[in-house]
1. Within region B:60-77, work out how many residues are within 13 Å of chain A (Cβ to nearest Cβ) and either over 23 Å from A:His91 (Cβ atoms) or touching a residue at least 24 places away in the same chain (Cβ under 8 Å) (or both).
2. Looking only at region A:65-100, filter to residues that are within 16 Å of DNA strand C (Cβ to nearest atom) and part of a strand (DSSP E or B); which one of those is farthest from A:Phe14 (Cα to Cα)?
3. Within region A:37-59, can you find the residues that are touching a residue at least 24 places away in the same chain (Cβ under 8 Å) and away from DNA strand C (no atom under 12 Å from the Cβ)?
4. Which of (1) within 8 Å of DNA strand D (Cβ to nearest atom); (2) more than 17 Å from A:Pro20 (Cβ to Cβ); (3) not hydroxyl-bearing (Ser, Thr, Tyr) does A:His52 not meet, given it meets every other one?
5. Within 13 Å of DNA strand C (Cβ to nearest atom), in contact (Cβ under 8 Å) with a residue 12 or more places away in the chain and among the acidic types (Asp, Glu): is that true of B:Asp19 in this structure?
Number of protein chains: 2
Amino acid sequence: MLRPEHYTDLADMFRLMGDPTRLRILYTCIDAPTCVGDIARGLGLSAPLVSHHLRLLRGARIVRAERRGKRVYYTADDEHIRAVLADMGRHVREAGAGLKVA
Amino acid sequence: MLRPEHYTDLADMFRLMGDPTRLRILYTCIDAPTCVGDIARGLGLSAPLVSHHLRLLRGARIVRAERRGKRVYYTADDEHIRAVLADMGRHVREAGAGLKVA
DNA sequence: CAAAGCATTAAACAGTTATTTATATGTGTT
DNA sequence: AACACATATAAATAACTGTTTAATGCTTTG
């Protein structure tokens, strides 16, 4: 099974990826390090909002930050994160559309 | 990239797995089909609560239901779900404890 | 067919969380 | 050193969601 304290950590991971805005932010910087401003512009979001979400993602080690001059570049922390997204993507595609969530 | 409508589906998946109670329920029936009552007893939860969460998980095709007599047995829908949990588990273990989420 | 067992549904409450707006911190430039 | 740029933080609001309680729906058994 799984150690109890890991449940909350795991759940936190999933919960953080479970917000549409955060997920779009994550996808924007999944392949190449991208700075806050570019993410914000690319998605049509305010910089504070993007920064805030990135802080949460960073706190869970889902993304990693690196400062270059004035800008801070974010990218996915490790391959497991990419693997998770890939597998979940496959699931959604195979399970097909028409998910009733509500 | 990813088709826009998939973002919400993907986010829904993660969001659903992002609740500690739901995640524990999912883990309980991940390997072998388990009925609502057994899940509830095993986790010390009420049957209505477990049933409610299973309905949400089922709506997203995260679990699959099968009726056998009076009981309804639930289990993980496909291998992708198990793969996602395995990868995320590895990430949490490697990233180590001390995640600052708040 | 009535009763009991198991699961589901519905509605109300309580707690949490994403977003906005305003302010502050850091970094490089003139 | 002052300015401009990029990011980060804080507080307030508004929307959402998990849990509880009570009632309803299916299946088999007596």
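1. The qualifying residues number 4.
2. Among them, the one singled out is A:Arg68.
3. Answer for region A:37-59, where residues must be touching a residue at least 24 places away in the same chain (Cβ under 8 Å) and away from DNA strand C (no atom under 12 Å from the Cβ): just A:Ile39.
4. For A:His52, the failing item is (2).
5. Judged against the criteria, B:Asp19 is a match.
The numbers here are math on the coordinates, done by the rules we state, and not lab data. Note that this is a predicted model, so its numbers are computed, not measured. Positions of Cβ are generated from backbone atoms using ideal geometry, with glycine treated the same way; all protein chains shown enter the neighbour counts.
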